[in-house]
1. Per residue of the chain, what 222 nm ellipticity follows from adding -39500 (n - 2.57) for every DSSP H run with n ≥ 4, rounded to the nearest 500?
2. For A22 and A66, FRET efficiency with R0 = 30 Å and r from the beta-carbon atoms, rounded to 0.05?
3. Please list, in chain and number order, the residues 5+ apart from R46 or on another chain whose amide H is under 5 Å from its amide H, with Hs placed from the backbone.
4. Quick one: divide the alpha-carbon radius of gyration of the chain by 2.2 N^0.38 Å and tell me what you get.
5. Need one number: nm distance between label points at R46 and V87, each 7 Å from Cα along Cα→Cβ, rounded to one decimal.
6. Based on the Cβ-Cβ distance from V94 to R39, what FRET efficiency comes out when R0 is 35 Å, to the nearest 0.05?
Amino acid sequence: MTSVIPKSDSAATDTADAAEEATLERARAVATLLDESVRIPVVGYRVGLDPILGIVPFSGDLVAAAASLYVVYAAVAVGVPKRTTAVMLGRIGVDLAVGSIPVLGTLVDAVWKSNLRNVEAIEAHLEST
């Protein structure tokens, strides 16, 4: 017969912290892919797939918005408050709406970087808990 040793509160907290950190890292990877994955050679500015996809009228912005929802999913998974989650969804909505404007939308997508802002909101929540 084997004995079961209950986990201490500290071990459970460590496991939860590790899970939150893994979720944050995945969200950060998605945000980086969408907002800063490609370096423009001459100027050194970084853009991601979001403005590149934005070149394809409307459907490209829809694909980028759908991918952006993963960051919001990660926020919900780590317990970000509903108000902050709503703000994150609002950023994606604005990104989708403005990004749908030909040429101007692509330029705004390249500068605004809503996904990185959303990851910063997750990090701020995790630091405050």
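Readers should treat all values here as calculations from the given coordinates under stated rules, not as data from a laboratory. Computed from a prediction, not measured in an experiment: that's the story for all the values here. Positions of Cβ are generated from backbone atoms using ideal geometry, with glycine treated the same way; all protein chains shown enter the neighbour counts.
1. Calculated mean residue ellipticity at 222 nm is -24000 deg cm²/dmol.
2. 0.85
3. I40
4. For the chain, the normalised Cα radius of gyration is 1.29.
5. Going from the R46 label point to the V87 one covers 2.3 nm.
6. On the way: r = 25 Å, r/R0 = 0.73.
It comes to 0.85.
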